[in-house]
Amino acid sequence: MEFSTLQQLENTYMAETFSRFPVAIERGEGATLFDTEGKRYVDFGSGIAVNIFGANDEQWKAAVIDQLSRIQHVSNYYYSEPQLDLAELLCFRTGAKRVFFANSGAEANECALKAARKYSFEKYGEGRKKIISLNGSFHGRTLFTLTATGQEAFHRFFGPFVPEVVSVDANMQAVEKESENACAVIIECVQGESGVEALEKGFVRALRAFCDEHDILLICDEVQSGNGRTGKFCSYEHYGILPDIMTTAKGLGGGLPIGACLFFEKTEHTLKPGDHGSTFGGNPVCCAGAVSIVSRLTEDFLLEVQGKAEYLRAKLKGFDGVRRVTGLGLMIGLNVEKPAKEIAQQCLHRGLLVLTAHEKVRIVPPLNITKTEMDEGLTILREVLAQ
Ligand SMILES: *Cc1c(COP(=O)(O)O)cnc(C)c1O
């Protein structure tokens, strides 16, 4: 179909929620993508940190197709092997005790927040329901997760919000001030949507200690930063802490929609039959894809990710027009001199897909991106930045 026809269909039939770049991506191989006109792109975005083994990955595809040819969906009334394989694998990788499967990051966080309130209710009764999140955070678009999203811009129009949810600055004084009647604090160790900023080590460690002391649950939202993105399986590993609840999604399914809420020791038995559920959650095709992804995120592979991250970061630091390089691992933010949106448009025109996060350029390439693809992307980015 002609691109102009696609545009016309979009303008006629689609809800007007997205302002898109004028390109229709059709297919790809690894971190190399093609649009409907046959134009080639290097992918520094992975569909927002989702396609972590790029496009058309053979191993992932084989796992997905194998499951598809057996059965596409099994109700959660029954047992299902891919789901159980994935749950075991995730617990093994993280030290978590139990897993609830959802379909997205927002749903994984919704589950975490509900579980936190139940944990507190069972132990302390009514009146201890407050959720603390951080300013600049992003936790999803459902009303509970949107309320916990500490960015006012997302809040217009949609109130009234969920009561007893507050967002504070990332310092202990601010957290302590709101801590009365708090049941949980939710953080992204590396804030993604608001600008790819890693939280300070001292703050995260002090927060962990404070939460332990007051039996406040610490929820780590690893929806974007998990699944090897930062060079560790989870970004909290860089901080030497463990959460009480961890959520992940985006990269987990390698491109299929899946979210997971992982319960550590304290919260292992919080949710009981009937407390929470999902029709599609733990879909066997998504789980089979996720098993193939997670089982390849070995220590050796993560060392390669760290190597790639160091390579990209060293190059980017030397580029004209880059003020600061932020984030962790292959979750990279660039403070730039020109408007980020303009840079993204110019990169697209020259055959490179990058994302933005507020005023910053965001780079989250597939973890298996090749040296050649990185160099091609860097060349385009350097030219655009220097213009
Ligand atoms: C993307 C994201 C979400 C929301 O995930 P969806 O799958 O879009 O619901 C939540 N938290 C973080 C940190 C994210 O990056």
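Remarks
- Just one of the numbered conditions (1) part of a helix (DSSP H, G or I); (2) of a type outside the set (Ser, Thr, Tyr); (3) open to solvent by 60 Å² or more (accessible area, probe 1.4 Å); (4) assigned by TED's automatic domain parsing to the domain that holds Tyr78 is not true of Phe280: (1).
- The condition (being under 18 Å from the mean Cα position of the chain (by Cα) and within 17 Å of Arg117 (Cα to Cα)) is satisfied by just one residue among Phe144, Phe154, Phe161: Phe144.
- Flag for Leu84 being of a type in the set (A, V, I, L, M) and within 16 Å of the ligand (Cβ to nearest atom): no
- Restricting the first member to segment 242-257 and to residues that are farther than 21 Å from Thr279 by Cβ and part of a loop (DSSP other than H, G, I, E, B), and the second to residues that are of a type in the set (A, V, I, L, M) and away from the ligand (no atom under 13 Å from the Cβ), the beta-carbon pairs closer than 6 Å and six or more apart or on different chains are Pro243/Leu218; Asp244/Leu217; Asp244/Leu218.
- The set of residues in segment 135-189 that are assigned to a strand (DSSP E or B) and within 16 Å of the ligand (Cβ to nearest atom) comprises Asn135, Gly150, Val165, Ser167, Ala184, Val185, Ile186, Ile187.
- Reported count of residues in segment 211-252, each being within 13 Å of the chain's Cα centre (by Cα) and of a type in the set (Val, Ile, Thr), is 4.
- If you go through segment 327-376 and keep only what is farther than 18 Å from Arg20 by Cα, in a loop (DSSP other than H, G, I, E, B) and open to solvent by 10 Å² or more (accessible area, probe 1.4 Å), you end up with Gly329, Glu337, Lys338, Asn368, Thr370.
- Those strands (runs of 3 or more DSSP E) lying entirely in segment 1-97 with at least 3 residues basic (Lys, Arg) and open to solvent by 60 Å² or more (accessible area, probe 1.4 Å): none
- Number of residues in segment 205-214 that are in contact with a strand residue (DSSP E or B) (Cβ under 9 Å, 6 or more places away or on another chain) and surrounded by 15 or more Cβ atoms within 10 Å (Cβ to Cβ): the value is 4.
The values are calculated or read from the model by the stated rules, or taken from the named source; none is laboratory data. As the structure is a prediction and not an experimental result, all values here were calculated from the model. Cβ sites come from the backbone with ideal geometry, for glycine too, and all protein chains shown count toward neighbours. What goes into the accessible areas is simple: the full protein's heavy atoms, side chains included, and nothing from ligands, DNA or RNA. Shrake-Rupley method; radii C 1.70, N 1.55, O 1.52, S 1.80 Å.
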